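Everything below concerns the one structure shown next.
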Ligand code: FES
Ligand SMILES: [Fe+2]
């Protein structure tokens, strides 16, 4: 593609050659250039509160163990025995003093150290076997941001706070709204679907466009339940009004309505409870988050993707989603319902229930999305089909609105547009080219 930073993406991100959703060699390069370098969400602190608590998760296709240490810290390790490479932990979560390999019995502490080797003295030559060099391989960096646990294999990756960059300001709308923080419910629900991982990442970063169409039946139902009142994204077909789309450095993207209420208004059940909470807490939220976030963003529907494959929704369908790649045409979707621990119990229960029936494998919205994600991938089976380009040019001319020039990142006015997608593919392209973090960060706030 002419002028492209990497030949499959237009320079401004507005077109992508469809081979990036199909070709095996591109996928293998992604595992190396994207997943082995970026920060990935590997859990939530509420899932491992006590020493010895652990969860397992993925960074790309690499399985990792994330364990709470005796001193309260968190470490992550590759979930593979250093003897013959067998998986050492088969559970999704638990509490333990050690991980014992099922193959020959090597035992590792929750700090990753190799502690026990059956018949060690009898079978290894004296002085030739150093257990301290055979601990589980530690993931290079682990850090948390407001309860979210991230990890990266790349020791040269920028600190997490810099990687999140401007996106942290938007995450704080829901992750920084109370002293109590958030609670994730695990283990996650899991489902395999036949989609390339970038399709849902792109969708959650910024696809408000599909909501009124792909989810029309559910939106209609929600409107009926609200007594015929027009609510939620379906009401926002006026692309110039009522919302923002954001892209930031590192390819993250998000969107909000700006009425400060539609996110709770689309509750499928217990709408009144949520609206009352908003009303009673608005002054506190404004004090905590400032005028714009407290009044206009809190209460609004948030959708976001933290590059590469961690997406989230809040508040009514509050969930953390991970699109774990499983080859170029398949993903494992992990979903954790999420609530604010500062909400009254009734509201926590209502949102968790709402999330279960909407954005889990059996959820009504998820079913709509899955079919579209799968066919957006599988049409590329056709050799000629996959030589074509996808189009993400919507709203290019009104990108970076003056009205929101003071907000972090690049903000486009209006809920419907493809600013976040263009930012997502521009950053993907930089990583795939193999640019170093220094080169990538050099542009400062730039995501171009
Ligand atoms: S592979 Fe784990 S003990 Fe041999
Ligand atoms: Fe959707």
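No value in this document is a laboratory result; all are computed from the given coordinates. Please read all numbers here as calculations on a predicted model, not as lab measurements. FYI the Cβ positions are ideal-geometry reconstructions off the backbone, even for glycines, and counts take in every protein chain you see.
Here is how the numbers come out for the structure above:
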| quantity | calculated |
| --- | --- |
| Helix 364-378 axis, angle to the chain major axis (alpha carbon atoms, nearest 10°) | 70 |
| Global geometry of region 383-448, whether rounded, prolate or oblate, following the gyration tensor of its Cα atoms and the 1.5 cut on a/c | oblate |
| 0 to 90° range, to nearest 10: angle between helix 419-433 axis and the chain longest Cα axis | 30 |
| For region 311-362 and region 95-123, distance of Cα centres in Å | 36 |
| Gained length - residue 357 relative to residue 437, 0.36 nm times residue gap less alpha-carbon distance | 24.8 nm |
| Mean ellipticity per residue at 222 nm, deg cm²/dmol - from DSSP H runs of n ≥ 4 across the chain, formula -39500 (n - 2.57) | -7500 deg cm²/dmol |
| Order of 298, 103 - criterion: other Cβ atoms within 10 Å of each residue's Cβ, fewest first | 103, 298 |
| Viscosity 1.567 mPa s, 4 °C: Kirkwood-radius Stokes-Einstein D of region 1-158 over Cα pairs, µm²/s | 73 |
| Helix axis angle, 345-356 relative to the chain longest principal axis, alpha carbon, degrees | 90 |
| Computed log₁₀ I(q)/I(0) - Debye formula, equal Cα scatterers, no solvent, region 334-379, q 0.21, 0.26 Å⁻¹ | -0.71, -0.88 |
| Peptide ranges 406-416, 187-197, 18-28 listed from the most packed, as the mean C-beta count within 10 angstrom indicates | 406-416, 187-197, 18-28 |
| Cα pair distances of the chain binned at 10 Å [whole percent] | 4, 21, 30, 26, 13, 5, 1, 0 |
| Cα gyration tensor, region 296-448 - rounded (a/c under 1.5), prolate or oblate | oblate |
| Region 79-206 shape via C-alpha gyration tensor axes, a/c threshold 1.5 | prolate |
